[in-house]
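Working notes, structure below.
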Amino acid sequence: MSVVRDLAAIAKGLSITFRETLEPAPVENYPDGPGPERGAVFEGRFRGAHVLQRDENGLEKCVACYLCAAACPSNCIYIEADENTAEVRISSADRYAKVYNIDYNRCIFCGYCVEACPTDAITHGHGFELASLNATTLVMRKEDMLVQIATAAK
């Protein structure tokens, strides 16, 4: 009797499999879909590529305190600080990040750098197209991550 029951279970499983193969597969139309992300749907806690923010005056928020680099468990953040002068103001503080690099070959998108930043200078954006065949292009520099002035004024 158990052989008949086993054969019935196998037949039921195969019928479900054959029925599913005839139905069209649900597909997200990512590259051509509607919306600003072209069809991509993000969850509320999505951690994308990092973004360096500006303040309301258009100056950089990063004050080169090195807390994000200290909090990073994968040691992928490199910062060089420089002093602001009266003629050239990059940030509202005394110092600014002259060099700010994140190596996405090592980054694990844990969010510790975002939590450690006292000025909310670094955040996770919605950028997710980070794949590359060349590892040298995965080192993002300050110029790549910094919010543009036109965008910051909105």
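The values are calculated or read from the model by the stated rules, or taken from the named source; none is laboratory data. Predicted model only: the values in this text are computed from it and were never measured. As a convention, Cβ positions derive from the backbone with ideal geometry for all residues, glycine included, and neighbour counts pool all protein chains shown.
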Practice prompt. Go through segment 110-136 and give me each residue that's exposed (fewer than 13 other Cβ atoms within 10 Å of the Cβ) and in a helix (DSSP H, G or I).
Written response: GLU115, ALA135, THR136
Worksheet item: For ALA40, are the conditions met, namely being loosely packed, with under 10 Cβ neighbours inside 10 Å and part of a loop (DSSP other than H, G, I, E, B)?
Response: no
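Answer with yes or no whether GLU28 is at pLDDT below 90, over 21 Å from the mean Cα position of the chain (by Cα) and not hydrophobic (A, V, I, L, M, F, W, C).
Working: at pLDDT below 90: yes; over 21 Å from the mean Cα position of the chain (by Cα): no; not hydrophobic (A, V, I, L, M, F, W, C): yes.
No; evaluated as a whole, the condition is false for this residue.
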Worksheet item: Only one of VAL3, VAL63, VAL99, VAL88 is outside the structural domain of VAL147 (by TED's automatic domain parsing) and either modelled with pLDDT under 95 or under 28 Å from VAL139 (Cα atoms) (or both); which?
Response: VAL3
